[in-house]
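Beneath this line is the structure, given in structure tokens, with notes to follow.
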Amino acid sequence: MPGSDVIRVAAETGAIPYDVPNVELGHHGDHCSFDAFIARYELRDAALDKLALVIRAADCGQPQLAKEAAGLLAISKGLSLNFEDDHEMLRHGMVIYDALYAWCADTPFKKIVRILTG
């Protein structure tokens, strides 16, 4: 959906607008919409913090924050180019973001525990 339609459609349907200018769950300063979502819903998780850094680096043009940002940006843009329907793009994109979250949660400590416990 074009960003210009998001506010209107959100008002018509009772949805919460996301990732468009001048909304609570949008970009604020050097933080992206994902950061706003985490803050708004008070999500506390080390893997989400790591994921947020990667997403912020890709989404806000701050590649120095996370080396993974270039790959995430390429994948995200590729999803946008492959799917015109936002819901279809989201369905496929969630697999990517779930995998990235799992990678963020797979800390060296967890790897050591797996090695030691078989």
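The list (i) 36; (ii) 54; (iii) 47 gives values of percent of Cα pairs over 21 Å apart, and only one came from this structure; which label was calculated from it?
(iii)
Just to be sure I follow the definition: excluding the sites themselves, where is the longest run in the chain that has none of the GluC sites (Glu not before Pro) in a DSSP loop with at most 14 other Cβ atoms within 10 Å?
For GluC sites (Glu not before Pro) (loop position, at most 14 other Cβ atoms within 10 Å), the longest site-free span of the chain is 43-83.
What is the spin-label model distance, in nm, from D45 to I7 if the labels are put 7 Å beyond Cα along the C-beta direction?
Distance between label points: 3.2 nm.
Counting Lys and Arg as +1 and Asp and Glu as -1, what is the net charge of the other residues whose Cβ lies under 9 Å from the Cβ of Q62?
-1
For the stretch 1-43, I need the span (max minus min coordinate) of the C-alpha atoms along each principal axis, in Å, sorted largest to smallest.
Reported extents, whole Å, longest axis first: 27, 19, 14.
Roughly speaking, what is the stretch gain from Q62 to H87, that is 0.36 nm per residue apart minus the C-alpha to C-alpha distance, in nm to one decimal?
6.3 nm
Please list 3J(HN,Hα) in residue order for the stretch 54-69, calculated via the Karplus relation 6.51 cos²θ - 1.76 cosθ + 1.60 where θ = phi - 60°; whole Hz, with x for glycine and proline.
So the Karplus estimates, Gly and Pro as x, are 5, 5, 4, 4, 6, 7, 10, x, 10, x, 5, 6, 7, 5, 6, 4 Hz.
Multiply the residue gap between D30 and I96 by 0.36 nm, knock off their C-alpha separation, and tell me the result in nm, one decimal place.
21.4 nm
HN-Hα J couplings of the stretch 87-93 from phi, Karplus 6.51/-1.76/1.60, θ = phi - 60°, integer Hz, Gly and Pro as x?
Using θ = phi - 60°, the values come out as 5, 5, 4, 4, 4, 6, x Hz.
Sequence gap at least 6, Cα distance under 8 Å: using those rules, report the relative contact order of the chain to the nearest whole percent.
Value for the chain: 16 percent.
Roughly how tilted is helix 3-13, in degrees to the nearest 10 and between 0 and 90, from the longest Cα axis of the chain?
That works out to roughly 80 degrees.
Bear in mind these aren't lab numbers, they're just calculated from the coordinates by the rules spelled out. Quantities reported herein were computed from a predicted structural model and do not represent experimental measurements. Every residue, glycine as well, gets a Cβ built from its backbone with ideal geometry; the counts of neighbours run over all protein chains shown.
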